[in-house]
Amino acid sequence: MNDNNKSITGYRIYFIVWICLLILTATTVAISNLKLGKYGALISLFIASIKASLILLFFMHLKYEGFLIKAMLLLTIMTIAIIVGLTFSDVWYRH
Amino acid sequence: MTTGDREKSFYETQGRHTGILSWVLSTDHKRIGILYLTAMFSFFFVAVILGVLMRLELIAPGRTIMSATTYNAIFTVHGVIMIFLFIIPGIPSGLGNFLLPLLIGARDVAFPRINLMSWWFYITGAIVILVSLFTGGGPPDTGWTFYVPYSIKTGTNVTLAVFGVFLLGISSTLTGINFVTTIHRLRAPGMKWFRMPLFVWSLYATGWVQILATPVLGLTLLLLMSERLFGFGLFDPAKGGDPLLFEHLFWIYSHPAVYIMILPAMGAVTEIIPVFARRTIFGYKAIAFSSLAIASAGYLVWGHHMFTSGMSDIARMVFSFLTFIVAIPSGIKVFNWVASLYKGSIELVSPLLFTISFIFLFSIGGLTGLVNGALATNIFVHGTYFIVAHFHYTMFGGTAFAFFAALHYWFPKITGRMYREALAKRAWVILFTGFNVLYFPMFILGLEGMPRRYYDYLPRFQTGHFISTIGSWILATGLAIMFYNLIRSIFKGEAAGSNPWGGTTLEWTTSSPPPRENFKEIPVVTGGPYRFGKD
Ligand code: HEM
Ligand SMILES: [Cu+2]
């Protein structure tokens, strides 16, 4: 928490982010109808990561945090990315 | 020393509550550590009895003392208790809680109330599991791994038991958050990262594993519960689900979890070796970084539990390769320990005896892990007694022996008293003998094809099983003597003084048992943790 920057975010920004999240959700649903098979999963994951980043950055104020907190969060995200990636080494090539 | 000039110990400082409440509502990390230790060893005791009963059933082919269904329930409960109630909280929540602030020169952990909360989650989880054994369809019979589809179909009380484990997961995560924050924020002035005792490094790495991996367990268990309650079909191929998804999710947590078990154990023995070899640790940084390396590489290998489950070939090769990589940092540690003992003036007292047997047994456990990790041999040993032997060597011979070593080593600090050394040595000899008689035959049984989780077997396996059961009695005797010695000494042991071993880390600079706030004045650190005359 950085007290100097407390009131940087206004409702306007929250509102814009929220609209973006809705649009992205709609996109995910639309894409799932295209029946892209295993590529569909990749695209959904990609969109989900964008959504998660928006929430973290704006709603959870990560944008205004210090380096250590950001680094720690990055670690978490990398872990998830690697875990999902390794899971795909199975799902992608399974007969 | 007279009582007059001695500071009151934390036992004598009650805080706001009295009696039992001064314990179960205490935010003192030392009291919480003791709460954990007491609870954990009580559960351990129960699970040991279950283990001995299983061995008794297996002394001869056919039904001996219990039915097949009872056997299934008993190995499940034995596994669940040993894993989730004993060895995972184990060293970090018990000894780590007591010692972490003392080792870094702090007055408490960063979040004392969350610390207490984590104990309450632990106890609540334990009670829920206990209740699950006697309600609904009775004790779960799935094995501690709760694999689908059986865990969804069985009529036993899996849902409630899994909910209990879910609560234990919360407890473990909270401990991790607490420790990581404490190590970042509360180190005494002058204690730079590379002046921290190596036990602290291992708790740090463990803390991150607890934070990053345990939520996956929570998620997995919630999905399993909802499958049972609502039948979503996530894991059911008939509904478009994937049973392998459960195995992935389960092991994404449970493989890193083995590092929650072993890293603090490695850290603890790293404190013990320099003290009884009277020389500084060899390769401080290599040991510190290998903890981090083990913690991070530990996320990449879970697939080695699924080699025969129908994963893709690419995944099997990737996971097998990565599994071999993890052996490297573990090897680094083993070599550094041995190098630290080399040319030391070794004092062979009970903590060091347990430590050396830890290195020996853990090496057997680790090296047989490579047999499991190679694709070709895995097919041969998967699901056999070879696995049972392997994980008892790592978890029991590894973690639990290190735990016992640490318990003896820090006993005088925690209780202010000394146990009987001669008796401790005797207990160790019996324990070590019993351990190998109990588990070594299991390697051979496994290679001969004896499957695990069976209450019966073909007559040709009888010799191995018979020897193993005799071993379980020897082992139980050793445990009984060890705990008798420790418990008796809590009340009757001789006063130990603040630094009976001549240790150089900060916990030995304060009185035994330490005062409520650990140090009269927060120490200022000017050098590394292990400073002995010769170096
Ligand atoms: C006196 C000590 C012990 C005895 C006699 C004992 C014995 C056994 C036996 C007979 C089995 C069942 C093998 C099978 O049918 O597949 C078993 C399983 C197991 N044990 Fe132990 N054990 C002991 C201590 C421990 C300790 C200290 C741990 C962990 C820290 C542990 C963890 C496990 C686990 C995880 C399983 C697997 C359960 C499952 O298959 O779901 N045991 N043990
Ligand atoms: Cu594993």
- Cα extents of segment B:404-514 along the three principal axes, largest first (Å): 58, 26, 20
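Accessible area per residue for chain B in Å², computed with a 1.4 Å probe and the full protein assembly in place, what is it? Don't skip to the end; give the middle numbers.
Details: 19890 Å² over 535 residues.
Accessible area per residue, chain B: 37 Å².
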- Hey, got a sec? Which trypsin sites (Lys or Arg not before Pro) in segment B:307-378 land in a DSSP loop and have at most 14 other Cβ atoms within 10 Å? B:343
- Message: Normalised radius of gyration for segment B:27-509, please: alpha carbon Rg relative to 2.2 N^0.38 Å, two decimal places.
- Response: 0.94
- Could you check how many percent of all C-alpha pairs in the protein assembly as shown are farther apart than 48 Å? 15 percent
- Message: Leaving ligands and nucleic acids out of the surface, order B:394, B:38 by accessible area at 1.4 Å, largest first.
- Response: B:38, B:394
- Query: Where a Cα-Cα gap under 23 Å defines reach, which lysines qualify for residue A:38, not counting those fewer than 8 residues away within the same chain?
  - Reply: A:51, B:239
- Item | Sequence-separation-based contact order of chain B, relative, with Cα cut under 8 Å and 6+ spacing, percent | 19 percent
- Message: How high is the relative contact order of segment A:1-64? Use alpha-carbon pairs under 8 Å, at least six apart in sequence, and give a whole percent.
- Response: 47 percent
- Task: Would you please report the Å³ per residue occupied by the convex hull of the alpha carbon atoms in chain A?
- Result: 74 Å³
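Quick one: ranking B:40, B:117 by accessible area, 1.4 Å probe, largest first, what do you get?
Largest accessible area first, the list is B:117, B:40.
Too long at a 18 Å Cα-Cα cut-off: which of B:192/B:343; B:413/B:492; B:343/B:413?
The answer is B:192/B:343; B:343/B:413.
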- Task: At most 12 other Cβ atoms within 10 Å and a DSSP loop assignment: could you name the trypsin sites (Lys or Arg not before Pro) in segment A:11-80 that fit?
- Result: A:35
- Message: Using just the Cα positions, wrap segment B:1-139 in a convex hull and report its mean projected area in square nanometres, one decimal place.
- Response: 11.9 nm²
- Message: Rounded to the nearest 10 Å², what accessible area does residue A:56 have for a 1.4 Å probe in the complete protein model?
- Response: 40 Å²
- Query: What is the pair-distance distribution P(r) of segment B:179-324, computed from all Cα-Cα distances in 10 Å bins starting at 0, with each bin given as a whole percent?
  - Reply: 11, 30, 28, 18, 10, 3, 0
- Message: At a cut-off of 30 Å², which residues of segment A:46-95 become less accessible once all protein chains are present than in their chain alone, using a 1.4 Å probe?
- Response: A:68, A:72, A:75, A:79, A:83, A:86, A:87, A:89, A:90, A:93, A:94
- Task: Order the following by accessible area, largest value first: B:242, B:108, B:313, A:90. Probe radius 1.4 Å; ligands, DNA and RNA are ignored.
- Result: B:313, B:242, B:108, A:90
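Give me the percent of the accessible area of chain B that comes from carbon and sulfur atoms, probe 1.4 Å, all protein chains in place.
Of the solvent-accessible surface of chain B, carbon and sulfur hold 70 percent.
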- Query: Over segment B:36-155, what is the relative contact order in whole percent, taking alpha-carbon pairs under 8 Å and six or more residues apart?
  - Reply: 33 percent
- Counting only protein heavy atoms and leaving out ligands, DNA and RNA, the solvent-accessible surface of residue A:78 at a 1.4 Å probe, in Å² to the nearest 10, equals 100 Å²
- Query: Summed for both chains, how many Å² of accessible area, to the nearest 100, are buried between B and A with a 1.4 Å probe?
  - Reply: 1400 Å²
- Message: Could you compute how much accessible surface residue B:425 exposes when probed at 1.4 Å, giving the result in Å² to the nearest 10?
- Response: 70 Å²
- Net charge near residue B:487 (other residues with Cβ under 14 Å of its Cβ; Lys, Arg +1; Asp, Glu -1) is +4
- Task: For segment B:49-139, state which chymotrypsin sites (Phe, Trp or Tyr not before Pro) are in a DSSP loop and have at most 14 other beta carbons lying within 10 Å of their beta carbon.
- Result: none
- For residue A:95 and residue B:135, what is the calculated FRET efficiency with R₀ set at 35 Å and r taken between the beta-carbons, to the nearest 0.05? 0.25
- Task: Just report the Cα centroid separation between segment B:194-264 and segment B:435-499, whole Å.
- Result: 29 Å
- Message: Please list 3J(HN,Hα) in residue order for segment B:263-276, calculated via the Karplus relation 6.51 cos²θ - 1.76 cosθ + 1.60 where θ = phi - 60°; whole Hz, with x for glycine and proline.
- Response: 4, x, 5, 4, x, 5, 5, 5, 6, 6, 4, x, 5, 9
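The values are calculated or read from the model by the stated rules, or taken from the named source; none is laboratory data. Note that this is a predicted model, so its numbers are computed, not measured. Glycine gets a Cβ as well: all are built from the backbone with ideal geometry, and neighbour counts include every protein chain shown. Note: accessible area is taken over every heavy atom of the protein model, side chains too, but ligands, DNA and RNA are not part of it. Shrake-Rupley method; radii C 1.70, N 1.55, O 1.52, S 1.80 Å.
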